[in-house]
Amino acid sequence: MAKTIRLDIITPERLFYRGEIELVIARTLSGDEGFMANHTWACKLLATGELWIQEAGSKDFRIAAITGGFIDIKEKFTIFTDAAEWPDEIDVERAMKSELRAKEWLQEHSRDVLNAELMSEAKRDILKSHTRVNVAGGGARRKK
């Protein structure tokens, strides 16, 4: 039997998740990384993306959409994130509309160098919406 470790996922609004896990896969700034019990202590920045959780005793994964943050890896794992959603909490139509609005805004303002910060925000909105749609559909890993 695989070793387990406690995982807490905390957003500003709620304790999103608490449980014993065997593995968590998160999108860090350098790509997807997996973390298991006995991992070396670390603190890693997270990008907006899919979060895959393999709970203790399960062969399957639970998937969530998260919006950045960081993971603190010590005697337990703690993820602090701006937002987290399970697939059944995602309004796919709203996410698709949000992505479309952000893409349209980027097209209209692509030559406006003065709006660099707004352009970055629009790109983040596109990534967040795209991630939400993927998670609601079972995750990008399952689509391959």
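Every read-out reported here was derived from the displayed coordinates using simple, explicitly stated rules and does not represent laboratory data. As the structure is a computational prediction, the values presented were derived from the model and not from experiment. Please note: Cβ atoms are built from the backbone with ideal geometry, for glycine as well, and neighbour counts cover all protein chains shown.
Rounded to the nearest 10 degrees, the angle from helix 92-108 to the longest Cα principal axis of the chain is 50 degrees.
Close amide H partners of ALA47, meaning residues 5 or more places away or on another chain with modelled amide H under 5 Å apart, are ARG27, THR28, LEU29. Distances between placed amide hydrogens fall under 5 Å for ILE10 paired with PHE16, ILE79, PHE80, THR81, all partners being 5 or more residues away or on another chain. Counted by Cβ distance under 12 Å from LEU46, the other residues give a net charge of -3, where Lys and Arg count +1 and Asp and Glu count -1.
The gain in end-to-end length when the GLU104 to CYS43 segment is fully stretched comes to 18.4 nm, 0.36 nm per residue minus the alpha carbon separation. The listed peptides 60-72, 3-15, ordered by packing as a protection proxy, come out as 60-72, 3-15 (highest mean of other Cβ atoms within 10 Å first).
GNM, the chain, Cα, under 10 Å: largest mean-square fluctuation among SER129, SER58, SER98? Taking springs between Cα atoms under 10 Å, the residue moving most is SER58. Along region 64-77 the Karplus relation, 6.51 cos²θ - 1.76 cosθ + 1.60 evaluated at θ = phi - 60°, assigns HN-Hα couplings of 9, 9, 10, 10, x, x, 8, 10, 10, 10, 9, 5, 9, 9 Hz to successive residues, with x for each Gly and Pro.
Ranked by Cβ crowding within 10 angstrom, fewest neighbours first, how are TRP52, TRP86 ordered?
Values: TRP52 18, TRP86 14.
Fewest to most other Cβ atoms nearby, the residues stand as TRP86, TRP52.
Close Lys pairs in the chain, defined as Cα atoms under 17 Å apart and 8 or more places apart or on different chains, number 9.
Comparing ARG18, ARG27, ARG132 in a Gaussian network model of the chain where C-alpha atoms under 10 Å apart are linked, the largest mean-square fluctuation is found at ARG18.
Among LEU15, LEU118, ILE73, whose Cα lies farthest out toward the positive end of the dipole of the chain, if unit charges sit on the beta carbon of Lys, Arg (+1) and Asp, Glu (-1)? Checking the options against the dipole of the chain, the answer is ILE73.
Of the residues ALA37, ILE53, VAL92, the one whose Cα sits farthest towards the positive end of the charge dipole of region 27-110 is ALA37 (charges of +1 on Lys and Arg Cβ, -1 on Asp and Glu Cβ, taken about the Cα centre). If only the Cβ of Lys and Arg carry +1 and only the Cβ of Asp and Glu carry -1, the dipole of region 1-96 around its Cα centre is close to 400 debye.
Amide H to amide H, with H built 1.01 Å from N, PHE61 comes under 5 Å of no residue 5 or more places away or on another chain.
Per residue of the chain, the DSSP helices (runs of n ≥ 4 H) give a summed -39500 (n - 2.57) that works out to -9500 deg cm²/dmol at 222 nm.
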